[in-house]
Amino acid sequence: MTQHPIRADLVDTHEAVIASLGRPGTFWTSAERVAIAATVRDAAGQPDRPPWYNPSDDRDPDEDGDRASLPAAAIDAIWRLTNHPSTVTGSWCASTIAGLDEPEHYVELLGIVAAVNAIDRFARIVDRPLVELPVPSPGQPTRQRVAGAAVTTHWVPTARGEFNGMVLQSLTAVPAAESLVHEVVGTHYMPIAVMLSDWDYDRGTLNRRQIELIAARTSFKNDCFY
Amino acid sequence: MLSLSGNRTGENVDAARLGEGAGVDDGPLLVDFVDRCFDPEQPFGAAFGELYERRGHAFAVDAAAVVAAFHMMTRVADGSGTPLDSSLESISHEIRAGNSLDDMDSRRLESELPVGPG
């Protein structure tokens, strides 16, 4: 098979999203964000581990480096969300959040885990190298909270504002995490602005029904009833 | 969204037959592509290479991109407890029944979920 170039906006998104992890986030430092992405890759390399496996139990007490900066609850959550997202429950989510400082830590982590899973999955499907993780830059998280964010419809706090569907609503308590996912959605699926309005949307290849069939089948293969 | 996209454009889409391609153009080919993307026995790039040979590079890249996007969206939905809102709940009954979606781990009661050995 000839190696043609990949669509430029996809490549740009992959590079921009991964590069953004090297900068301080809202609740996690840059080193922690890069460690979250690295841990996604650790987990994805061992998909046969059962859902109840907690990798933090196997942690080397003398471990150093960026991964050592992550709390046990974060490590276990990254593995569970990467390999067995369909087994996540409300009580598991509550217990994970209790092991982190604040619910927003979990929301930001969820956005990073989900986005890195997407980017790495794409690379594996097309058999290209994974995007190299960045060197963390200095600085502190902004810890900027969204006024009025509260637990109402989801297990995590969400904020009012522009509504783009219940799934994307999940990350509204941490706008930077929401932006990360929006960027991937916009280039890989379709621009959010047309999602609920242009039922004939296409990129000149797949038509809208074909896009939705792939989306639905992928959700099915991930055991996601939503 | 699959049903809605068919309904809104007047095309005959049957999301309850997801595994058979739902009546979408190239449906069985696309379902096979997705299934192979998640088959651990398949070498990286195999499913993509076959779709590329049959429908061209741009088509295969766009299909891979949608798979990647929903590999992400499923994690956001399951990881956040995204609920089906009432309108989606009511219009998706037939689709859920046709594809046994209510039997999925993510739909079952918490007490039924695996907690580990012992």
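Values in this text are rule-based calculations from the coordinates and carry no lab data. Worth saying up front: this structure is predicted, and the values here are computed from it rather than measured. Cβ coordinates were reconstructed from backbone atoms using ideal geometry, including for glycine residues, and neighbour counts include every protein chain displayed.
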Positive-end residue of B:72, A:168, A:148, charge dipole of the protein assembly as shown with Cβ unit charges: A:148
Karplus 3J(HN,Hα) series, Hz, for segment A:40-51 with 6.51 cos²θ - 1.76 cosθ + 1.60 (x for Gly, Pro): 4, 5, 4, 5, 4, x, 10, x, 7, 5, x, x
Shielding by partners - mean other protein chain Cβ count within 10 Å, residues of B:54-64: 6
Percent RCO, i.e. relative contact order, over chain A, from Cα pairs under 8 Å lying at least 6 residues apart: 25
For A:128-136, mean number of other protein chain Cβ atoms within 10 Å: 0
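How much length would be gained if the chain were fully extended between residue A:128 and residue A:69, taking 0.36 nm per residue of separation minus their Cα-Cα distance, in nm to one decimal? Don't jump to the answer; show the numbers that get you there.
Working: separation 59, 0.36 × 59 = 21.24 nm, distance 2.97 nm.
The residue A:128-residue A:69 span can extend by a further 18.3 nm.
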Residue-averaged [θ]222 nm for chain A, counting only DSSP H segments that reach four residues, each worth -39500 (n - 2.57): -15000 deg cm²/dmol
